[in-house]
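The values are calculated or read from the model by the stated rules, or taken from the named source; none is laboratory data. Remember, predicted model here, so these are calculated numbers, not experimental data. Virtual Cβ from ideal backbone geometry, glycine too; neighbours counted across all protein chains shown. Keep in mind that these areas ignore ligands, DNA and RNA; they rest on the heavy atoms of the full protein, side chains included. Shrake-Rupley method; radii C 1.70, N 1.55, O 1.52, S 1.80 Å.
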Amino acid sequence: MNSEELFSRAVKVIPGGVNSPVRAFGAVGGKPFFVTRAKGDRLFDADGREYIDYVCSWGPCILGHAYPEIVEAVEKTCRDGLTFGAPTEREVELAELISQAVPAAEMVRLVNSGTEATMSAIRAARGFTGRDKIIKFRGNYHGHSDGLLVKAGSGCLTGGVPDSAGVPASFTRETLVAEYNDLSSVEALFANNRGQIACVIVEPVAANMGVVPPADGFLQGLREITAREGALLLFDEVITGFRIAYGGASEYFGVTPDLFAFGKIVGGGMPLACYGGRREILSCVAPAGKVYQAGTLSGNPVAVAAGLAALKALARQKDTIYSELDRKGARLQKIYEECGIAVNRVGSLLTPFFGVSSVRSYADVSKCDKEKFARYFSAMLKEGIYVAPSQFEAMFVSAAHSEEDISRTCDAIRRSVLN
């Protein structure tokens, strides 16, 4: 069956025809294509078309699709059983590997999704501090748990609905919203809520309202404010973890948070995530402490095997792979700039913004021309280049993108933007 036929079937049994809103093409017009397989930097759809992929499953395929070592690890592990609901040696090995790589990772708890990781990390912060309120930033997206769907990014921003129906107001009453890259807004919230704020959760590089780098001193300022106020600093690295540097944002920016949440890449493309941080905080988590969090599939052996293979491959290549990804990203950035398009980039993450001269905040993002982006998206798709179907998401460059593919993409950008 082709994509149109599959979508017609899907809308009858799946809300909107997709199992995650970001997969829909509502913001760019048309209907989504259905993928049949992927290899390297290529996607192949049910209509027989081939695309150079810059979505990379929203980040985790940093080594490319169907990376041989990851596939081999998954196949081998499957033969031993899919799930046990009991500890395995590989869980310990993965936690040790993450702890060795990430400055903040004195202890790690494996979970199944980025949403679960951020939700659990916030619970740990509240349990440790004995405080209820949290601060998040307008346009930052931290998953779909009730207390975090306040002025969110990603699919919420794309659909024009910054909050969600079905979330009681009482669930979000303890969530305070600051402006990204504006330390004064954070200071004001602390001043008005003395001794009540458990943590500040932030995307160290905002990537769910498009890529917006932290301003000089912003992360350092958050570190200083939270330390002074007795609150915790929580980095949501579901996107940046192991992508902008092997040690994540802590290594890249030289700022160590109290807690972090990782997803996507730590599972090598399988459903896996984790949260972690200072030992004294994680020691509050059950069964060691009174902060309850559990999951039958947490540390699933198949997902852990994929994650181990991915992180070991990155560890072997870390002295070269991140500089290569940065160089490829810089080539794409240069083309957008030559075409007069504002673009933000941090390593292998980038976003072109249409209809604005620069983007440093949520207010800047909200002024983007979504219709121009939709025309660009459609033109790129016709060129065989798949970028995220939203102005407010990132492009992801992988190790599998060849120099020839980058050149082909640059040519497609020129035609798609200038014609």
For the stretch 1-89, the fraction of alpha-carbon pairs in successive 10 Å shells from zero, as %: 14, 34, 31, 18, 3
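With a 10 Å radius around each residue's Cβ, average the other Cβ atoms per peptide and rank 101-114, 356-369, highest first.
Working: 101-114: 22.2, 356-369: 16.6.
Per-residue Cβ counts within 10 Å, averaged per peptide and sorted highest first, yield 101-114, 356-369.
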Vicinal HN-Hα couplings computed from phi for the stretch 178-184 (Karplus, 6.51 cos²θ - 1.76 cosθ + 1.60; Hz; Gly/Pro x): 10, 9, 4, 6, 10, 5, 5
Residue 216-residue 283 pseudo-label distance in nm [points 7 Å out on the Cα-to-Cβ vector]: 4.0 nm
Using a Förster distance of 30 Å, the FRET efficiency for residue 173-residue 290 (Cβ separation, nearest 0.05): 0.80
Cα-Cα P(r), the stretch 83-137, percent of pairs per 10 Å interval: 19, 42, 31, 8
Partners for residue 382 among aspartates and glutamates (Cα-Cα distance below 19 Å; same-chain residues under 8 apart left out): 4, 41, 45, 47, 50, 53, 371, 404, 405, 411
Cα-based convex hull volume of the stretch 193-281 per residue, rounded to whole Å³: 114 Å³
Descending semi-axes in Å of the stretch 308-369, equivalent ellipsoid built from Cα gyration tensor: 30, 14, 7
The stretch 33-133 - accessible surface per residue (Å², probe 1.4 Å): 48 Å²
Vicinal HN-Hα couplings computed from phi for the stretch 364-379 (Karplus, 6.51 cos²θ - 1.76 cosθ + 1.60; Hz; Gly/Pro x): 5, 4, 5, 8, 5, 8, 5, 5, 5, 4, 4, 5, 4, 4, 5, 5
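When N is the residue count of the stretch 54-118, what does its C-alpha Rg come to as a fraction of 2.2 N^0.38 Å? Mind showing how you got there, number by number?
Numbers: Rg = 14.0 Å, N = 65, 2.2 N^0.38 = 10.7 Å.
Its radius of gyration relative to the 2.2 N^0.38 Å reference: 1.30.
Based on Cα coordinates alone, diagonalise the gyration tensor for the chain, multiply each eigenvalue by 5, take square roots, and list the semi-axes in whole Å, largest first. Each step should come with its number before you reach the end.
On the way: eigenvalues 202, 139, 88 Å².
Working through the eigenvalues yields semi-axes of 32, 26, 21 Å.
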FRET efficiency, residue 404 to residue 371 (Cβ-Cβ, R0 30 Å, nearest 0.05): 0.40
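Compute the length gained on full extension between residue 338 and residue 79: take 0.36 nm times their separation in residues and subtract their Cα-Cα distance, giving the result in nm to one decimal. It would help to have the intermediate numbers written out before the result.
Values: separation 259, 0.36 × 259 = 93.24 nm, distance 5.16 nm.
Using 0.36 nm per residue and subtracting the Cα-Cα distance, I get 88.1 nm.
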25 Å Cα-Cα threshold exceeded, pairs from 133/367; 31/136; 136/318; 136/264; 39/264: 133/367; 31/136; 136/318
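Which order, highest average first, do 62-70, 289-297, 46-54, 273-281 follow once you tally other Cβ atoms within 10 Å for each residue and take the mean per peptide?
Values: 62-70: 20.3, 289-297: 13.4, 46-54: 17.2, 273-281: 22.7.
The peptides rank, most packed first, as 273-281, 62-70, 46-54, 289-297.
Can you compute the charge dipole magnitude of the chain about its Cα centre, using +1 on each Lys and Arg Cβ and -1 on each Asp and Glu Cβ, nothing else charged? Give it in debye, rounded to the nearest 20. Please report the intermediate quantities before stating the final value.
Details: 45 positive and 47 negative charges, 118 e Å.
The calculation lands at about 560 debye.
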Label-point gap, in nm, between residue 13 and residue 96 - each point 7 angstrom along Cα→Cβ: 4.5 nm
Relative contact order, percent, the chain [alpha-carbon distance under 8 Å, six or more residues apart]: 22 percent
Scattering profile of the stretch 286-419 at q = 0.09, 0.15, 0.16, 0.19 Å⁻¹ [log10 I(q)/I(0), Debye over alpha-carbon scatterers]: -0.39, -0.81, -0.87, -1.05
In Å², nearest 10: area of residue 328 left accessible to a 1.4 Å probe: 10 Å²
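Of all the accessible heavy-atom surface of the chain, with the other protein chains kept in place and a 1.4 Å probe, what percent is carbon and sulfur?
Details: 8750 of 17320 Å².
So the carbon and sulfur contribution to the accessible surface is 51 percent.
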Whole-Hz couplings from phi, Karplus 6.51/-1.76/1.60, listed for the stretch 204-214; x for Gly and Pro: x, 10, 4, 9, 10, 10, x, 6, 10, x, x
Burial ranking of peptide ranges 186-196, 407-417, 383-393 (average Cβ count within 10 Å, highest at the top): 383-393, 407-417, 186-196
